[in-house]
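The values are calculated or read from the model by the stated rules, or taken from the named source; none is laboratory data. Source: prediction; values computed, not measured. FYI the Cβ positions are ideal-geometry reconstructions off the backbone, even for glycines, and counts take in every protein chain you see.
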Amino acid sequence: MSHNINFNNITGRHSFFSVKEKAWHKLGQVVSDYPTSAEAIKYAGLDYEVIKSPLICQGAAMGINANGEIVDQISITVPDNFATLRTDTNTVLGVVGKDYRIVQNKDAFSFFDDLVQDRNDIHYETAGAIGNGERIFVTAKLPDYIKVGKDDIIEKYLFLTTTHDGSGSITAAFTPVRVVCQNTLNAAMRKLSNVVRIKHTSNVKQRLEQAHKIMGISNKLSDQLEGTFNSWAKVRITDGEVKRLIEMALAPNKETIDKIQRGNYDDVSTQYKNQCNDAFRYAMISDTQQLETTKGTLYGAYNSITGYFQNVHKYSDCEQKTKSIIYGGTASTKTQIAFNICDSFHTGGDQILKLN
């Protein structure tokens, strides 16, 4: 699986760090203790700044300058366009407009630090840069956790990424992660979104307001998810119903759902059937599915979908996996469908998983 982690030719190091665990693809730095934001920036190789530089186009081999003089070559400044430049390596990261506002890497960490009163409550676990440094990411663990049953723990994380090439907004996501198998358990409940996006034209005050917003979202989602998952852990579900949940959640379209509900499995694609078989196998034999909270329960059925996308499904690279699971890609969409089905099943909609 490709990593695309930035390699800094000046320092001779990959721009990535993690705490205690092996670094991504065994690249980057592993540290033993949670760092401060200032330390994390250095460990991850993110201690560089980005500037906007006028975009200059070299003209023809012969030309006339503004004074009417013949010159060998002329330079033309492209109006209202700028190159974003990484100052430590003089690498051009992208082309942006005049209204584009650079968010320095240190500002991304300040976003996290401003979320809690005591900065010691923010535990930076990973951070790094992609490509030439045009995209950076930070993962931090929040204090407290969600508890399902007696000892099924879900830790609370914030994940932030921003770009320096004009390709996207600052994006921060609240991401619950089930400790026993490192499954992300995202769920957009009651119109609450687990993702906040901030345009690069925003000022500092607006960014801080957004920081408070996402903290409020994470707290609300935490409380709701703990109650929901504990309720689901008490609801029994048959193996056949788990299989039907998987089939409905992974279905590429409504036509496929109609076919499986009529029992017309010969008319669905082999790829789809293989995905369903892989997910069902995970649901039945994975060690993480044998706990009191998951074995034969609705909560376990939901975990079979999240676990499939986290631990079984194949992705082209690590960046694609992150996008798919956290930022509204296929995995995020399918797990949300599974969440909605489980929620309906729990509230009395047993017919939703009706078998042939």
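Got a number for residues in the stretch 287-303 being surrounded by fewer than 18 Cβ atoms within 10 Å (Cβ to Cβ) and assigned to a helix (DSSP H, G or I)? Steps first, answer last, please.
Here is the first cut: in the stretch 287-303, the ones surrounded by fewer than 18 Cβ atoms within 10 Å (Cβ to Cβ) are 287, 290, 292, 295-296.
Filter again for assigned to a helix (DSSP H, G or I), leaving 287.
Count: 1.
Taking residues in the stretch 259-275 that are under 16 Å from H313 (Cβ atoms), and partners anywhere that are of a type outside the set (D, E, K, R) and part of a helix (DSSP H, G or I), the pairs with Cβ atoms closer than 6 Å and at least 6 places apart or on different chains are Q275/L250.
Return yes or no: is D80 surrounded by fewer than 21 Cβ atoms within 10 Å (Cβ to Cβ), in contact with a helix residue (DSSP H, G or I) (Cβ under 6 Å, 6 or more places away or on another chain) and farther than 24 Å from K26 by Cβ?
Values: surrounded by fewer than 21 Cβ atoms within 10 Å (Cβ to Cβ): yes; in contact with a helix residue (DSSP H, G or I) (Cβ under 6 Å, 6 or more places away or on another chain): no; farther than 24 Å from K26 by Cβ: yes.
Criteria not met by D80.
Take the stretch 216-245 and flag every residue that is free of Cβ contacts under 8 Å to residues at least 60 places away in the same chain and assigned to a helix (DSSP H, G or I).
Going residue by residue through the stretch 216-245, those that are free of Cβ contacts under 8 Å to residues at least 60 places away in the same chain are 216-217, 219-221, 223-224, 227, 238-239, 243.
Within the stretch 216-245, G216, I217, N219, K220, L221, D223, Q224, G227, D239, K243 meet the criteria.
From the list V138, V148, V95, exactly one residue is more than 30 Å from Q289 (Cβ to Cβ), modelled with pLDDT of 85 or more and buried (at least 21 other Cβ atoms within 10 Å of the Cβ). Which is it?
On the way: V148 fails: more than 30 Å from Q289 (Cβ to Cβ); V95 fails: buried (at least 21 other Cβ atoms within 10 Å of the Cβ).
Checking each option against the conditions leaves just V138.
Of all the residues in the stretch 284-307, those that are under 26 Å from the mean Cα position of the chain (by Cα) and among the hydrophobic types (A, V, I, L, M, F, W, C) number 3. Among residues belonging to the stretch 196-229 that are at pLDDT 75 or above and in contact with a helix residue (DSSP H, G or I) (Cβ under 8 Å, 6 or more places away or on another chain), point out the one that is surrounded by the most Cβ atoms within 10 Å (Cβ to Cβ). It comes out as F229. Any residue at all in the stretch 109-123 that's touching a residue at least 60 places away in the same chain (Cβ under 8 Å), within 23 Å of A40 (Cα to Cα) and of a type in the set (D, E)? For the stretch 109-123, residues touching a residue at least 60 places away in the same chain (Cβ under 8 Å), within 23 Å of A40 (Cα to Cα) and of a type in the set (D, E): present.
With of a type in the set (V, I, T), within 17 Å of the chain's Cα centre (by Cα) and either on the phi > 0 side of the Ramachandran plot or at pLDDT 85 or above (or both) as the only criterion, which of T184, T161, T171 stands out?
On the way: T184 fails: either on the phi > 0 side of the Ramachandran plot or at pLDDT 85 or above (or both); T171 fails: either on the phi > 0 side of the Ramachandran plot or at pLDDT 85 or above (or both).
Only one candidate passes the filter, namely T161.
The single condition among (1) at pLDDT below 90; (2) surrounded by fewer than 20 Cβ atoms within 10 Å (Cβ to Cβ); (3) of a type outside the set (S, T, N, Q) that V177 does not meet is (2).
The rows are residues; the columns are (1) surrounded by fewer than 17 Cβ atoms within 10 Å (Cβ to Cβ); (2) outside any loop (DSSP other than H, G, I, E, B); (3) in contact with a strand residue (DSSP E or B) (Cβ under 6 Å, 6 or more places away or on another chain); (4) touching a residue at least 24 places away in the same chain (Cβ under 8 Å).
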site: I305; (1), (2), (3), (4): no, yes, no, yes
site: Q310; (1), (2), (3), (4): no, yes, yes, yes
site: G328; (1), (2), (3), (4): no, no, no, yes
site: K334; (1), (2), (3), (4): no, yes, no, yes
site: D343; (1), (2), (3), (4): no, yes, no, yes
site: G348; (1), (2), (3), (4): yes, no, no, no
site: Q351; (1), (2), (3), (4): yes, yes, no, no
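When restricted to residues that are more than 16 Å from G328 (Cβ to Cβ) and hydrophobic (A, V, I, L, M, F, W, C), the stretch 143-187 contains 9.
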